[in-house]
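The structure appears below as structure tokens.
The values are calculated or read from the model by the stated rules, or taken from the named source; none is laboratory data. Keep in mind that what you see is a predicted model, and the values were worked out from it rather than measured. Quick reminder, even Gly has a Cβ in these numbers, built from the backbone with ideal geometry, and neighbours come from all protein chains shown.
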Amino acid sequence: MKKELGIFILLVVLCAITAILNPRFLTPVNLQNTARLIGAFGILSLGLGVVIITSGIDLSVGSVMALLGVLLSMAITQWHVPGIIAVLLIILGGMALGSLHGFLVSKVRIQPFIVTLCGLLFYRGAARFVASDETKGFGSATGLEHLQSLAIGNIFGIPTPFVLLLIASIVMWVLIHRSVYGRYLFAVGNNEDAARYSGINARWIIASAYVVCGALTGLAAVIFAFYTNSVSPSSHGNFFELYGIAAAVLGGCSLRGGEGSVIGILLGTALLQVLQNLVNLLGIPSSLNFAVMGAVILMGVLADQLLKSRK
Amino acid sequence: MTSPLLEMHGIGKRFPGVIALNNVSLEVFPGEIVALVGENGAGKSTLMKILGGIHQPDEGTIHINGDAVTIHNVNDSMRLGIGFIHQELNVFPNLDVAANVYLGREPVNAGFLRLIDRTKIEAATATLLKRLGVDVSPRTQLSELSIAQQQMVEIAKALSLNTRLLIMDEPTSSLTLTETTRLLEVVQDLRAQGVSVIYISHRLGEITEIADRVVVLRDGANAGTLQRDEITHDKMVTLMVGRALQHVHTPKEANAHPNYFVVENLRTKRYADKAVSFGVGKGEVLGVSGLIGAGRSEVAQAIFGVEPMLGGRVLLDGNPLLIKSSQDAIKHGICLIPEDRRHLGLVMDWTIQDNTTLATLTDYAKAGLIDFAAENKVAVEMSQKLRVKAPSVATKVSQLSGGNQQKVVLAKWLLQKLKVIIFDEPTRGIDIGAKSEIYELINQLAADGVAVIVISSDLEEILRISDRVAVLHEGKLTGILPRAECNEEAIMRLAVGSE
């Protein structure tokens, strides 16, 4: 809980500084926009967090989003699949890819880094091939307003993605912190052998984490596709896996596995988005965007390390 | 009489909340083997950490060869000629023998590149290995050596540092019987060469064999010293525990029919061409003896479903069981207390409570959600029942002593209905007091009608608790001895496979 408190304080301080230096931070438009992005990225990060808790990693998330994004667009505009069914199929597609990763990691025993690195390359290529390297959108399609509002709409003034994130977070919080399954996730991530010797089906638990991650990636893919309204197969979702990993790590997940919390991941995601916003609002050259993010993550981890060693 | 090599006098050390050492004195003469014994927590490790420069004493003096010394760090300790052989070996399996011996102080060639002088370190290493009577090339990769040989490499390293006082902490805990005998010979050779040894061990038989003097610690203070001609098992135990220990288990004559739990032609990955068959009665304790590497743990792991069973079958009460995973085994009431507590038995970063309930978590859950109050209640009950010594069930198991850790592993399994329980080296690294408690529990389980299998390399232990003893040699079951025929010699004969 201490870890989460630390990052929460950091988030508040960062918001305060930004608000003081540029009052536009607090305008409803800006807050809504930031919340919308936190919602979309948060869903992604929660999925990655589950995988990271099992001491795995998923590098393929960004490419999967590009592939699912172009498929969503093509399903609706070219193959005329009804929107709601297309969306459900996309989420199922995310789960299918997750099952494949889970199978390769837990049954074939290939390292998660390698499995999903191959995925990162493969799905990006597949996306570009399927889309003939053309940007896909939803241009003329009609009857999509309800689905598009998942990404660009508001519920009582709160951006829908943020509401979706809250729902996903509650579900994930119960799953991770209150359920037997969650306890097994941590057990497997901390010591897979001891878990197996306690009668836990460790392979199944690990594989399932990738499926959960795939489902959340699918949901995020839908939101992002409608949010950008144009999916360029070569650049859509680039680096998104790293945003997710960064958020999880900032939020207290250990890449060694067995550690992490939903609250932490949410705070980590929020911190990263506020940072982006800060770069924009404070007139820092946007070319420095990544540099600022990298520096802040490093400082966060360093501070944590220092606090730990002082104990 | 010669003057002592090491004199520790009136050593005191306090940690927050505990007095670890109180006015402890220890003398070691040149060429003397001093055994340091005591239960876990008696202060042996702290005393040795003071010699290693890891802790500083709050009181007392240390003299080496008559000179007062202060040991600030490991380097000081090394310079004074003190060397350590730890229970867990500190070797680099990916490097060869010579590189391990000279790691961190490699002599270099003259010349711009300052390359390591391989010729020199190989020659020097070869000399040391010869002195220890080890027939291994300095170029062999450590990972290719047995644990015993790796330990010899560590001893060679200590000798290369001109060690005059060698401190060995439980050096035989992972060695086979023959390797142990060999190590004890080496220790005695070193004594003949004038090296002094502080020998820490729970295996009192070894101590009786080699120690010139036994220093006993209890609760951080000197509990007594035994001279060479006074060293007996009972005297050591009495000094260690401060009372005479009664033998808890009187094995009953095997009256139960040994067909309750039956293993038929079981083959494991390690010895794929050898089939093992045996039976255990309801309420019987079957000891399984044999040298390390005889395939005992592999049989246990196959029964428990964590390693594949290549052939054969397992029957409980006449019914064949299908065991493909640990879940299957547990479903049938079979459990395994693994040898490697820290990696297989426990999640070390977790609390007593989380470890206790890990195997039965679904029993305290509704609709997949954990009932934390119920979970806590069960953990507290089990901890009290097994007398786990800890401030609370929220204590991390990494902070517990070996004996208490083992109790937590046991607690995990005692929460379910057991029919067969397999212990793999149940008391390794556990102090005498906790050992008796574990034996009592084993006894209790048997009395409750559980079929108990105990794998142990400790003959004393096997003889003390078993109703019958099965002996393995290189994957083959060489015999099952009924209680009346069990003795060290008979077991050893089967273990070395001389028949």
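Quick look at the numbers
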{"quantity": "Boolean, B:T362 is among the hydroxyl-bearing types (S, T, Y), more than 10 Å from chain A (Cβ to nearest Cβ) and more than 22 Å from the chain's Cα centre (by Cα)", "calculated": "no"}
{"quantity": "Helices (runs of 4 or more DSSP H) contained in region A:119-194 and holding at least 2 residues within 14 Å of chain B (Cβ to nearest Cβ) and surrounded by 22 or more Cβ atoms within 10 Å (Cβ to Cβ)", "calculated": "A:180-190"}
{"quantity": "Criterion: within 10 Å of chain A (Cβ to nearest Cβ) and polar (S, T, N, Q) - qualifying residue of B:T357, B:T351", "calculated": "B:T357"}
{"quantity": "Qualifying positions in region B:334-344 - within 8 Å of chain A (Cβ to nearest Cβ) and either surrounded by fewer than 23 Cβ atoms within 10 Å (Cβ to Cβ) or under 14 Å from the mean Cα position of the chain (by Cα) (or both)", "calculated": "B:P338, B:H343, B:L344"}
{"quantity": "Hey, B:G283 in contact (Cβ under 8 Å) with a residue 40 or more places away in the chain, part of a loop (DSSP other than H, G, I, E, B) and either buried (at least 20 other Cβ atoms within 10 Å of the Cβ) or more than 8 Å from chain A (Cβ to nearest Cβ) (or both) or not", "calculated": "yes"}
{"quantity": "In region A:157-187, the residues that are of a type in the set (V, I, T), farther than 15 Å from A:L219 by Cβ, at pLDDT 95 or above and under 22 Å from the mean Cα position of the chain (by Cα)", "calculated": "A:V174, A:I176"}
{"quantity": "Residue under evaluation B:S25, criteria (1) among the hydroxyl-bearing types (S, T, Y); (2) in a strand (DSSP E or B); (3) crowded, with 18+ Cβ neighbours inside 10 Å, criterion not met", "calculated": "(3)"}
{"quantity": "Leading residue by the ranking (farthest from B:T427 (Cα to Cα)) among those in region B:301-333 that are within 24 Å of the chain's Cα centre (by Cα), within 11 Å of chain A (Cβ to nearest Cβ) and not in a loop (DSSP other than H, G, I, E, B)", "calculated": "B:F304"}
{"quantity": "Count of residues meeting criterion [assigned to a loop (DSSP other than H, G, I, E, B) and basic (K, R)] in region B:29-54", "calculated": "0"}
{"quantity": "Residue match in region A:211-229 (condition: more than 28 Å from A:L31 (Cβ to Cβ), touching a Phe, Trp or Tyr at 6+ places or on another chain (Cβ under 9 Å) and touching a residue at least 12 places away in the same chain (Cβ under 8 Å))", "calculated": "no"}
{"quantity": "Matching residues in region A:197-230 - criterion: being at the interface with another protein chain (Cβ under 10 Å from one of its Cβ atoms) and either in contact with a Cys (Cβ under 8 Å, 6 or more places away or on another chain) or surrounded by 22 or more Cβ atoms within 10 Å (Cβ to Cβ) (or both)", "calculated": "A:Y197, A:S198, A:G199, A:I200, A:A202"}
{"quantity": "Lone unmet requirement of (1) in contact with an Asp or Glu (Cβ under 9 Å, 6 or more places away or on another chain); (2) in a loop (DSSP other than H, G, I, E, B); (3) modelled with pLDDT under 90 for B:K389", "calculated": "(1)"}
